[in-house]
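The values are calculated or read from the model by the stated rules, or taken from the named source; none is laboratory data. Everything quoted here is computed from the prediction, not taken from an experiment. As a convention, Cβ positions derive from the backbone with ideal geometry for all residues, glycine included, and neighbour counts pool all protein chains shown. With ligands, DNA and RNA removed, areas are computed over all heavy atoms of the protein, side chains included. Shrake-Rupley method; radii C 1.70, N 1.55, O 1.52, S 1.80 Å.
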Amino acid sequence: MEMDFTGFRLNINKVSLLSGGLTNACLKVEAQEGTFVWRPVSEQATLLGADRNKEREILTVLYDCPFAPRVHNFNEHGLLVEWFEGEVIALDAAQDVAVDLLVKVHQLPLDAFERSMKQDVMSVKSRILDYWSSLLPENQTEEMQAYIDYFSQREDRALFSTCLCHNDIGAYNIIKTTNGYGLIDWEFASMGDPSQDLTLMIVANQFDIDEVIHGYCLQRGFDEAEWKRAVKHWTPWVCFMGSLWFSLGHQLLKDASYQELAEREMIKLKGLLPLNFK
């Protein structure tokens, strides 16, 4: 990948491609002024729900937040953000750290955000329908269609007051640095239902449901039973959205591992919400 950084006033020493997930076609940019990550606008990332403009707006507001990367520069082609020096946390060590970060994100004040941002609330239903419409007919199964019909007839309104949500807090996005833990990849961040974000984190990492809900509610002073009901409500939605996301990833990259992950989420969904289909 090539990118012209002329307008960014950087004295660049090295540019290298970063490995990562489906939306990750990012570059590590090492310059005399510091080390950064170039996060490009791409058709693939947009198709999967990433929004670089929203990511920039959110990170700009969070400029002084110690666990969020700072925006260095941007243009119509993408976003240049701070590089967190450190290591990705191991999954078996991530659960408590992830809960702490989730609480911090959900407690961030919203005063500095534009009204339009505050009103732009993530809809898991819309995301599901977008992913479904992006799948080629040969990748749309009768089983998927049955669940599309089911979720299309359900409301996905927030169960709690909306707040800033990261929507992708996984061990893969937590960096252990010398100054604590950094949270990267804010491309799916949006205002949303915090219990939905909590469910996304549990499902993505396969965390222990009861332990995570207990830890989250303990920190926030919330009723644990109420949040367990909320997570139970959102889990089928999240599993189906995940299955469609992985199916779309398989369509884009032809990588069999994504199809396996899509099937894993469908198996979980069918266990949670069995449906009859022809």
Give me the pairs, please: first residue somewhere in the range 129-149 and on the phi < 0 side of the Ramachandran plot, second residue anywhere and in a loop (DSSP other than H, G, I, E, B), beta-carbon distance under 6 Å, and either six or more positions apart or on two chains. Glu142/Phe277; Ala146/Leu275; Ala146/Phe277
Among residues of the range 85-100 being assigned to a helix (DSSP H, G or I) and acidic (Asp, Glu), the residue surrounded by the most Cβ atoms within 10 Å (Cβ to Cβ) is Asp100
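Looking at Leu218, Leu159, which one is over 22 Å from Ala262 (Cα atoms), of a type outside the set (S, T, N, Q), touching a residue at least 12 places away in the same chain (Cβ under 8 Å) and open to solvent by 60 Å² or more (accessible area, probe 1.4 Å)? Don't jump to the end; show me each part of the working.
Numbers: Leu218 fails: touching a residue at least 12 places away in the same chain (Cβ under 8 Å).
Exactly one residue qualifies, and that residue is Leu159.
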For Arg127, all conditions in the list (1) out of contact with any strand residue (DSSP E or B) (no Cβ under 6 Å at 6 or more places or on another chain); (2) part of a strand (DSSP E or B) hold save one; what is the number of the exception? (2)
Search result, residues across the range 176-192 that are assigned to a strand (DSSP E or B) and more than 19 Å from the chain's Cα centre (by Cα): Thr177, Gly180
Looking at (1) open to solvent by 70 Å² or more (accessible area, probe 1.4 Å); (2) assigned to a helix (DSSP H, G or I); (3) under 20 Å from Ala94 (Cα atoms), can you tell me which one Lys232 breaks? (3)
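So is Leu200 in a helix (DSSP H, G or I) and free of Cβ contacts under 8 Å to residues at least 12 places away in the same chain or not?
Against the criterion (in a helix (DSSP H, G or I) and free of Cβ contacts under 8 Å to residues at least 12 places away in the same chain), Leu200 does not qualify.
Looking only at residues that are of a type in the set (A, V, I, L, M, F, W, C) and surrounded by fewer than 17 Cβ atoms within 10 Å (Cβ to Cβ) in the range 122-144, which one is nearest to the chain's Cα centre (by Cα)? Steps first, please.
As a first pass, look at the range 122-144 and keep what is of a type in the set (A, V, I, L, M, F, W, C): 122, 124, 128-129, 132, 135-136, 144.
Retained after the next criterion (residues that are surrounded by fewer than 17 Cβ atoms within 10 Å (Cβ to Cβ)): 129, 135-136.
Working: Leu129: 17, Leu135: 20, Leu136: 24 Å.
Top of the filtered list is Leu129.
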